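To start, the structure under review is shown below, and the notes come after it.
Just so you know, all these numbers are worked out from the coordinates, no wet-lab data involved. As the structure is a prediction and not an experimental result, all values here were calculated from the model. Because the Cβ atoms are built from the backbone with ideal geometry, glycine has one as well, and the counts that use them run over all protein chains shown.
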Ligand SMILES: [Zn+2]
């Protein structure tokens with residue numbers, strides 16, 4: 001099969017401070033994989049005479065990765081104003097109970113992937129509801145490279161959402177979804193819904209099966225107070241997960257807004273990842289993650305929307321909030337870093353950076369076409385332009401999204417629900 005060479009300006013993130021950029025770039029794609037990237041002329045020199053050239057009006061960047069999003073909260077994203085604990089109990093748990101209905105769940109899953117692809121997201125890690133069938137439904141409808149897991153809750157939530165034991169939970173999941181470690185994430189919702197015994201069982205299950213683990217850690221001050229009352233034997237919040245054996249290099253911890261020096265050191269020692277959710281932290285007024293401490297301790301992190309506390313699934317919107325919130329606290333952050341944290345860092349977090357995350361040769365051809373801001377090549381300026389504007393504009397800004405070389409044109413405009 002002959003290759004297609006896409007011709008457009010391109011940005012290819014390599015790390016927090018580095019990206020490659022071409023004003024007249026060429027991206028050669030064959031069978032869903034990238035064969036070459038570079039200056040258009042150079043790419044054409046090593047190609048074949050019958051390569052098909054497609055000139056694109058816009059700028060090519062890698063597809064986005066969202067490493068913490070509750071797909072079952074997508075219909076109500078940004079709809080409720082409250083702090084974390086009342087938000088969960090009064091709004092979110094009743095909403096998630098609806099996913100016992102498979103017809104409702106299937107329709108919501110289709111809408112979720114339509115909207116995320118529209119916004120340029122090609123991969124990620126999602127939280128499902130407590131229902132094992134909803135995990136299977138999400139995977140059946142999957143567009144892009146996603147992992148998902150049902151939120152395991154044992155107590156402290158409506159009875160319809162809790163499981164009697166880890167064995168019941170895992171048996172159900174395996175039977176209902178049949179997903180392996182590439183697609184299934186072990187997902188204890190958070191410490192307040194789990195006993196130490198349940199968390200230890202989940203930790204052991206994840207280690208033996210090579211599964212990723214995702215959960216929430218230290219999101220809000222009120223939550224932390226409740227957690228420490230419930231686990232008086234623990235040194236701190238992080239210690240609860242550490243004692244359960246849940247912390248390792250395949251563990252992705254959402255938020256980490258309020259951590260002590262001891263806790264940062266534990267995360268560093270265990271090699272955990274942070275899913276940094278600035279738009280969600282802002283929406284629930286949870287506080288600002290201490291980015292300076294994260295950097296000082298060398299803890300890896302990737303950006304995430306945390307829909308539905310985060311009001312938008314758009315990673316451009318998350319990048320905007322990331323840049324504004326940290327700059328407002330006089331912490332230096334660049335557009336280059338924001339783009340890296342929203343793309344390649346997410347793939348690294350998911351253990352997929354060999355096959356995805358940026359535009360390097362041999363990777364999957366996952367990329368997004370963004371509108372050209374015009375003028376000479378200016379990566380920082382362009383990223384600044386793309387992240388400017390209202391949430392709805394950012395959700396609909398990508399001109400097209402390619403996943404494994406297949407082009408997805410915007411068939412729908414994604415919109416937020418009207419305020420309740
Ligand atoms: Zn969350």
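With contributions of -39500 (n - 2.57) from each DSSP H run of at least four residues, the per-residue ellipticity at 222 nm computed over the chain stands at -9500 deg cm²/dmol.
Each peptide in 331-342, 273-284 was scored by the mean count of other Cβ atoms within 10 Å over its residues; highest first, the order is 273-284, 331-342. Computed from Cα positions, the angle between helix 196-209 and the longest principal axis of the chain comes to roughly 40 degrees.
Using only the alpha-carbon atoms, how far is helix 315-328 inclined from the longest principal axis of the chain? Give it as 0 to 90 degrees, nearest 10. Approximately 70 degrees, to the nearest ten. The stretch between residue 296 and residue 378, if pulled fully straight at 0.36 nm per residue, gains 26.6 nm over its current Cα-Cα span. Each residue in 353, 312 was given a count of other beta-carbon atoms within 10 angstrom of its own, and listing them fewest first yields 353, 312.
Rounded to the nearest 10 degrees, what's the angle between the helix 261-270 long axis and the longest principal axis of the chain, both from Cα atoms, 0 to 90? Helix 261-270 sits roughly 70 degrees off the main axis of the chain. Given the options 150, 236, 51, state which has the largest fluctuation in a GNM of the chain using a 10 Å cut-off (strictly under) for Cα springs. Among 150, 236, 51, the largest GNM mean-square fluctuation belongs to 51. Our note on the geometry: Cα centres of the stretch 214-275 and the stretch 358-411, 34 Å apart.
For the peptides 297-310, 2-15, 211-224, the ranking by packing is 297-310, 211-224, 2-15, with the highest mean count of neighbouring Cβ atoms within 10 Å listed first. Note: relative contact order over the chain, using C-alpha pairs below 8 Å and six or more positions apart, is 22 percent.
Just to be sure I follow: if Rg is taken over the C-alpha atoms of the stretch 221-299 and Rh is the Kirkwood radius over the same atoms, what is Rg/Rh? We get a ratio of 0.94 for the stretch 221-299.
Could you tell me what % of all Cα pairs in the stretch 64-349 have separations over 36 Å? So the pairs more than 36 Å apart make up 6 percent of the total in the stretch 64-349. When the chain is treated as a Gaussian network with alpha carbon springs shorter than 10 Å, the biggest mean-square fluctuation among 260, 286, 314 belongs to 260. In whole angstrom, how far apart do the alpha carbon centroids of the stretch 288-346 and the stretch 17-67 sit? Between the Cα centres of the stretch 288-346 and the stretch 17-67 lies a distance of 26 Å.
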